[in-house]
2 protein chains.
Amino acid sequence: MADAVNRQIQLVETPKGKLGPEHFKLADATIPVPSKDGDVQVRTRYISLDAANRAWMQGATYRDAVEAGQVMAGGAIAEVTASNDAGFKVGDRVFADTGWQDYAVLPAKALQKLPALEPETHLMSVYGVAGLTAYFGLLNVGQPKAGETILISAAAGSVGSLVSQIAKAAVPDVTVIGIAGSDEKCQWIQDELGYDAAINYKTQPVYKALKEIAPQGIDVYFDNVGGDILEAALFRMNLFGRIACCGAVSQYDGAPPSSGPRGIPGLIVTKRLTLRGFIMSDFPDEREKALSDLQGWVASGKINVKEDIIEGLENTPAALIGLLAGDNRGKRMVKVI
Amino acid sequence: MADAVNRQIQLVETPKGKLGPEHFKLADATIPVPSKDGDVQVRTRYISLDAANRAWMQGATYRDAVEAGQVMAGGAIAEVTASNDAGFKVGDRVFADTGWQDYAVLPAKALQKLPALEPETHLMSVYGVAGLTAYFGLLNVGQPKAGETILISAAAGSVGSLVSQIAKAAVPDVTVIGIAGSDEKCQWIQDELGYDAAINYKTQPVYKALKEIAPQGIDVYFDNVGGDILEAALFRMNLFGRIACCGAVSQYDGAPPSSGPRGIPGLIVTKRLTLRGFIMSDFPDEREKALSDLQGWVASGKINVKEDIIEGLENTPAALIGLLAGDNRGKRMVKVI
C-alpha cells in the first residue's frame, strides 16, 4: 500500500451554531482490511462536498445523523484496492459513502460501480448527485413550460450552476434568474451559466429586485436555501407556480429557525402553488434518460460543467466551511489522491 | 314583487382584527331592474357561508376584495324573477354571487344554472363548493392510497364533514382522524361522519395527540386551517406525504400572522412532502365525474349530508361570525326565503 496509515477526519462534536475548524480533527488510523465475504476495500479519490454534509450533523434526515467521534460522512469517488466480492475487482471505480478518510471497507451492496469516463470528476458533478438533482428538480418537480420564468437560489453552486443550463437546453424561451451572494458571482453566472439576470441577496432586497427584474412573476422556483429568500419568492410566484424544494442551506449552519416563511399556507391556497421536496434518488426509473440527456448537452456544449476542486484530504473541513459560506463556484470536491 | 325593498347587508368597514356585528349594516335599497340585454334579475333563496367570505375582506384572493361600503359578497342559490336573456326564464334556479341581499341583477354569464334536485340545499353542500372542494382536495390533491392515514382539520365544517366520508367511500382501509374545536364536536364527527379518532385542538396539544393516536404517521393532511395545526401536522407527516392546502381559517379573522410554520422548507425536503393549494374550480374536466360519484354515495347512504341552516337574511352577519368561531356543524347557509 502507498500509505502506512489511514488518515481520517473525525467530527469532534456536533456543532450547535456555525461550523468551524474546531469541530473536526485529523487522526491516523489503521488501514481497514476486508475480512467478511462481500467486503470491499476502497481508496478514496475525490470527496464530494455538499451543504447536505452540514445537515447530516444536526440529526437524521434521509440518512442517519453523523455523531461526534465518528469519521465524517461523505460520498466519494473511490478505487477498489482489495475485494472479497465477485462483483468488484481491484481498479474498479465506484461511488460510495467512504467518509472523509483515505480508505474504507464497505459491503459490496453499498458501492455503486461507475462507468469509465473522462474526466472522472464529471461523475461527481454533472453525472452525479448535482447533475441529477438539477435535472429532476427542474424538469420533474418544477415542470417548466415554454416561455416561463424560472428563479434559482444558490445559483452559482453545484446544482444551481447546472439548473440554468438545463433549463435553457430543455425548455424553449425560458427566462432564468439567479440569486447569489456577491456581485462577482452574479456577474459570473450571467457570463458563464446562461442566467438572464442575477440578484445579489446580500446587497439587494430580494422581493423588490424580483419585482423589478421579473414584473411578469415567477413560474418555477428552484429553492436551495429556504428562509427569507423562499419567503420573497412566495410573494412573487404566479398562479399555479411550482417550487422545487431542494434544500435549505440558509438553515443548516446555525440554530434551527424559530419560524417558517410568512404566506404559508395563505399564498399556497390563493395562488394554488405546489411546493414539493425531492432528492435525486426519488426518480430511479428516469435516471438513465436523465444521464443520456445530460451527456448529450455536455457533448453539444449546451452545458459548461463547472468544478471547484480543492487538493488534499486535510483541507476537507475548510472546503466544507467555505462552501457553507458560499465560496464555491460550481461543484466543489476534494482531490485526495 | 313580494317585497317593496331590496334588503342589503353592507360591509361598513374592513375589519382589522376579529370580525364583529359592527362591521355590517342592514340597509334598504331599491330592487334593481334588468335594463341591458343579457341581464337577469334573481331573488336570493339560500346564501352560502364560508370562511372564505372573511378572507375576501382582507384583499384580493382568487376574487377581488370586498371593500367597505359595498354589499357583502357571497354565493347563493337564487331564483330567476325577470330575464333579458334567452338562456334563463323566470323560475329557473341558479347559483350566483348575488351578495347578501334579496335581489340582484347580474349578466347571464355570471349565472350557473342548477339542476332540479331535492332538497335544493344539497346544491350548496354536497353538490356545491363544499362537496367539490372535499372531493378534489382529497382525491385529486391528497391522492390517498389504500391503508393510508388521513388527517383533516376543521373536521366538523362544511368541507371536513364530507372529506371523511368521501375517504371511507372511495379508498379502502383508510384511517381518518379529525381535528375540531370542542369535545362535543369531536364526539359528533366520530358518531356521524365516520371519523376513526378526533383531537380537540383547544384542549390537546395536537403534535402529541397525533403521535399517540397515529403512531404510524400521517400520509395525507387536508388542511383547512394553517397555523400551528399545520405545523404540528408537518412534523408528523410520513415520507412522500401530501398536504392539500384548502384554506387557512385560523388566519383569516385577525391580523396577518408574522411568520409561517416551522419546518418549512426543511421538512418538505427531508420527507419529500408535497404541499399543494387548490380551489374546486381548478378541476373543470373532472367535475361531472365528481358529481356523479357524490350522487352515488349520497344515494347509497355512504355520505350523510350535514346542513346547518340559519333563517333570515338579517342573521347572515351573526351566522358568519359564528362560523368563524366554529359554531357550525356541516355546511352552514342562510335561508332568505
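The values are calculated or read from the model by the stated rules, or taken from the named source; none is laboratory data. Bear in mind that the values here come from a model prediction, so they are computed numbers and not experimental data. When we count neighbours, we look across all protein chains shown, and the Cβ atoms used for this are built from the backbone with ideal geometry, even at glycine. Keep in mind that these areas ignore ligands, DNA and RNA; they rest on the heavy atoms of the full protein, side chains included. Shrake-Rupley method; radii C 1.70, N 1.55, O 1.52, S 1.80 Å.
Yes/no per residue for (1) closer than 25 Å to B:Asp308 by Cα; (2) surrounded by fewer than 21 Cβ atoms within 10 Å (Cβ to Cβ); (3) over 19 Å from the mean Cα position of the chain (by Cα):
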position	(1), (2), (3)
B:Arg93	yes, yes, yes
B:Leu117	yes, yes, yes
B:Ala130	yes, no, no
B:Ser161	yes, no, no
B:Thr175	no, yes, yes
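The set of residues in the stretch A:232-243 that are farther than 10 Å from A:Arg272 by Cα and facing another protein chain (nearest Cβ under 10 Å) comprises A:Leu234, A:Ile243. Close contacts from the stretch A:288-316, counting a first residue that is over 16 Å from A:Val163 (Cβ atoms) and a second that is open to solvent by 40 Å² or more (accessible area, probe 1.4 Å) and not aliphatic (A, V, I, L, M), with Cβ to Cβ under 6 Å and a gap of 6+ residues or different chains, come to A:Asp308/A:Arg329; A:Ile309/A:Lys335; A:Glu311/A:Lys335; A:Leu313/A:Arg7.
The residues of the stretch A:101-160 that are closer than 14 Å to A:Asp219 by Cα, part of a helix (DSSP H, G or I) and of a type in the set (A, V, I, L, M), listed by number, are A:Leu138, A:Leu139, A:Val141. Scanning the stretch A:306-324 for residues that are open to solvent by less than 20 Å² (accessible area, probe 1.4 Å) and of a type in the set (Val, Ile, Thr) gives a single hit, A:Thr316. Of all the criteria given as (1) under 30 Å from A:Gly247 (Cα atoms); (2) open to solvent by 60 Å² or more (accessible area, probe 1.4 Å); (3) modelled with pLDDT under 95, the one not satisfied by B:Asp327 is (1).
Surrounded by 18 or more Cβ atoms within 10 Å (Cβ to Cβ) and more than 8 Å from every other protein chain (Cβ to nearest Cβ): which single residue out of A:Ala214, A:Ala248 fits that description?
Details: A:Ala248 fails: more than 8 Å from every other protein chain (Cβ to nearest Cβ).
Just a single option satisfies the conditions, and that option is A:Ala214.
Of all residues being open to solvent by 20 Å² or more (accessible area, probe 1.4 Å) and modelled with pLDDT of 95 or more in the stretch A:14-23, which is farthest from A:Lys113 (Cα to Cα)? Just the residue, please.
Within the stretch A:14-23, the match that is farthest from A:Lys113 (Cα to Cα) is A:Glu22.
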